[in-house]
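The values are calculated or read from the model by the stated rules, or taken from the named source; none is laboratory data. Nothing here was measured: the structure is a model prediction, and the numbers come from that model. Counting neighbours? That spans all protein chains shown, and the Cβs are built from the backbone with ideal geometry, glycine included. When the accessible area is computed, the model is the full protein with side chains, heavy atoms only, and any ligands, DNA or RNA have been set aside. Shrake-Rupley method; radii C 1.70, N 1.55, O 1.52, S 1.80 Å.
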Amino acid sequence: MVDRRQTVGRAAEDAAAAFLRREGLTVVARNVRFAAGEIDVVCRDADTVVFVEVKCRRAGWDEAPAAAVSWHKQRKLTRLAHHYLKWRRLEGVRCRFDVVSVTVDARGGLDVRHVRSAFEAVEG
């Protein structure tokens, strides 16, 4: 059974992927799962591989969805990106970490915002 949170999360990821395509990025993969976690969206932007974290919140929350990408989450995404690059045999490519924040209003409308280069790779 799919709960409301999963349904909203899926809609947010769909909206994020569509938004990124309109921005000119090529969506290569979605929901890439590894034992250590999941990468929401992987894109290409010319010669750059872009790892995208999608964050969704209801309107009225004190902080924007992008603020939910903590240092620990950044470190986890960095590690997952390394796994992805190794798995796809993409050595030496340029990478970037973006965040797409999706805010859901009271009527179910979605406001999508793209933060390019939201953070640098975090080691440790």
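In this Cβ point-charge picture (+1 for Lys and Arg, -1 for Asp and Glu), the stretch 11-124 has a dipole of about 300 debye about its Cα centre. Seen from ASP105, the other residues with C-beta closer than 9 Å to its C-beta sum to a net charge of +1, counting Lys and Arg as +1 and Asp and Glu as -1.
May I ask for the longest run of the chain untouched by GluC sites (Glu not before Pro) that are loop-located per DSSP and have at most 12 neighbouring C-beta atoms (other than their own) within 10 Å?
Values: sites that count: GLU63, GLU91, GLU120, GLU123.
With GluC sites (Glu not before Pro) excluded where exposed in loops, the chain gives 1-62 as its longest stretch.
The relative contact order of the chain comes to 25 percent, based on Cα pairs under 8 Å that sit 6 or more residues apart. Placing a pseudo-label 7 Å from each Cα along the Cα-to-Cβ vector at ARG22 and ARG94 gives an inter-label distance of 2.5 nm. Descending by average beta-carbon neighbour count within 10 Å, the peptides 44-52, 106-114, 25-33 line up as 44-52, 25-33, 106-114, the highest first.
Ignoring everything except DSSP H segments at least 4 long, calculate the 222 nm mean residue ellipticity for the chain; use -39,500 (n - 2.57) per segment, divide by total residues, nearest 500.
On the way: 2 runs with 36 residues, N = 124.
Taking each H run of at least 4 residues, the total per residue is -10000 deg cm²/dmol.
Of all DSSP bridge pairs formed entirely within the chain, close to 65 percent run antiparallel. For CYS95, the solvent-accessible surface computed with a 1.4 Å probe is close to 60 Å², ligands and nucleic acids excluded. Using the Cβ-Cβ distance between PHE34 and LEU110 with R0 = 41 Å, the FRET efficiency computed as 1/(1 + (r/R0)^6) comes to roughly 0.90. Angle of helix 71-87 to the longest C-alpha principal axis of the chain, folded into 0 to 90 degrees and rounded to 10: 50°. Does anyone have the angle between helix 4-22 and the longest principal axis of the chain? Alpha-carbon axes, 0 to 90°, nearest 10? In the chain, helix 4-22 runs at an angle near 60 degrees to the longest axis. With the simple spin-label model, which puts each label point 7 Å out from Cα in the Cβ direction, the LYS86 to SER70 separation comes to 2.5 nm. Let me make sure I get this right: for the chain, a, b and c are the square roots of the gyration tensor eigenvalues over alpha carbons, sorted descending. Under 1.5 in a/c it's rounded, otherwise prolate if a/b > b/c, else oblate. Which is it? It comes out prolate by the Cα gyration axes. 3J(HN,Hα) along the stretch 89-103, derived from phi through the Karplus expression 6.51 cos²θ - 1.76 cosθ + 1.60 where θ = phi - 60°, amounts to 6, 10, 7, x, 7, 6, 10, 8, 10, 10, 10, 10, 9, 10, 10 Hz, with x in place of Gly and Pro.
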